[in-house]
Amino acid sequence: MTTEAKALYRRAREAWEREDWPASVAAYEELLARFPDHRFSPAWWFDAALAAKFLHDWPRALRLGVEAAARTERGTEDPAFWNLGIAATALRDWPVARDAWAGYGIDLPPGDGEIQADFGVTCVRVSTAGGQEVVWAQRLCPARARVLSIPFSPDRRFGEVVLHDGAPNGERVVGEDRFLVFDELMPFTPSAIPTLSCVIRGEEADFVALSDVFDEFGLAVEPADSGRTLCRCCSEGSVATARDLSPKDGERQMLLAASEEQARTLLELWVTGNPSARSWSRPHVL
């Protein structure tokens, strides 16, 4: 490596260690402009693309990621393809995203547009007005997931789609099943489904039936007091969790993911199943 290349690389790495991503990616770009095909350049292209991803500078991450992926072997689960897939997905460049996931070694359903597949249920740590919250979600592709639970923070919604990172950062354990937690990179598609609050009265079986009714129509209910506050260390670790729909003294404040009209219709339908024991108060938007 020449003296010039060593100096530029040192500047890029020093900025990286400081997590000064703008300075690091700029230094890498200067290094690569002069030495694009150096024997060490595949690693430099990868680090430059990764720094751009940390910045959420998606056009830059895409441009650098294309170069990084071009210098790696396809089908070997090389992370250069994963980072490229995230950047292309963020920009809705579906042909490049599809090619990146194929280059990584992932089989996708055939097609040439937006990826709408079933990659299983997972958890995503989303950003909220008050901090962060872990929600349940259905993965649509390697980098996107649709929120299945009702966020407790009213600025996030059931049904929205988020772009998430590829490295898991914690897990949630339900019985003997383990679900990875991924960190959100950015909201991807908003949801038009509001979050309502409503007092529900009944026995535990009635609350389970209420959840089933809403689930049947592609909506959701969640106890408003079921959230847990965890420190960062615990949240990023392994956390056992279980859903509890049992009422407190015969009633419970519930969150409903539905429009007011939908909520009233489904609540009335639910009451017909056990009218002597089931009742609800007027739903209101949070």
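The table below lists the values:
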read-out	value
Qualifying residue in segment 31-53 (condition: of a type outside the set (S, T, N, Q) and touching a strand residue (DSSP E or B) at 6+ places or on another chain (Cβ under 7 Å))	no
Identity of the residue in segment 127-146, buried (at least 23 other Cβ atoms within 10 Å of the Cβ) and under 8 Å from the mean Cα position of the chain (by Cα), that ends up nearest to residue 172 (Cα to Cα)	137
Qualifying residue in segment 24-43 (condition: under 23 Å from the mean Cα position of the chain (by Cα) and assigned to a helix (DSSP H, G or I))	no
Set 241, 272, 265: member being surrounded by fewer than 13 Cβ atoms within 10 Å (Cβ to Cβ) and either closer than 19 Å to residue 153 by Cβ or free of Cβ contacts under 8 Å to residues at least 24 places away in the same chain (or both)	272
Qualifying residues in segment 156-176 (those that are charged (D, E, K, R) and modelled with pLDDT of 95 or more) - the one nearest to residue 51 (Cα to Cα)	165
Where residue 56 falls short, out of the listed (1) surrounded by 14 or more Cβ atoms within 10 Å (Cβ to Cβ); (2) assigned to a helix (DSSP H, G or I); (3) within 28 Å of the chain's Cα centre (by Cα); (4) in contact (Cβ under 8 Å) with a residue 12 or more places away in the chain	(2)
Unmet requirement for residue 83, which otherwise passes all of (1) crowded, with 24+ Cβ neighbours inside 10 Å; (2) assigned to a strand (DSSP E or B)	(2)
Segment 244-262 - residue that is within 13 Å of residue 222 (Cβ to Cβ) and without any contact (Cβ under 8 Å) to a residue 60 or more places away in the chain and, of those, surrounded by the most Cβ atoms within 10 Å (Cβ to Cβ)	254
Hits in segment 171-226 - residues which are assigned to a loop (DSSP other than H, G, I, E, B), more than 24 Å from the chain's Cα centre (by Cα) and crowded, with 20+ Cβ neighbours inside 10 Å	202
Selected residue [at positive phi and surrounded by fewer than 20 Cβ atoms within 10 Å (Cβ to Cβ)] from 73, 77	77
Some residue of segment 129-141 being under 21 Å from residue 69 (Cβ atoms) and modelled with pLDDT of 95 or more	yes
Qualifying residue in segment 105-116 (condition: part of a loop (DSSP other than H, G, I, E, B), within 16 Å of the chain's Cα centre (by Cα) and either among the aliphatic types (A, V, I, L, M) or closer than 28 Å to residue 171 by Cβ (or both))	yes
Answer residue from segment 19-52, given it is surrounded by fewer than 16 Cβ atoms within 10 Å (Cβ to Cβ), in contact with a Leu (Cβ under 8 Å, 6 or more places away or on another chain) and charged (D, E, K, R) and is farthest from residue 88 (Cα to Cα) among those	34
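Yes/no per residue for (1) at pLDDT 95 or above; (2) among the polar types (S, T, N, Q):
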{"site": "8", "(1), (2)": "no, no"}
{"site": "13", "(1), (2)": "yes, no"}
{"site": "52", "(1), (2)": "yes, no"}
{"site": "57", "(1), (2)": "yes, no"}
{"site": "73", "(1), (2)": "yes, no"}
{"site": "83", "(1), (2)": "yes, yes"}
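The values are calculated or read from the model by the stated rules, or taken from the named source; none is laboratory data. Everything numeric in this text was worked out from a predicted model, so none of it was measured. Neighbour counts run over all protein chains shown; Cβ positions are idealised from the backbone, glycine included.
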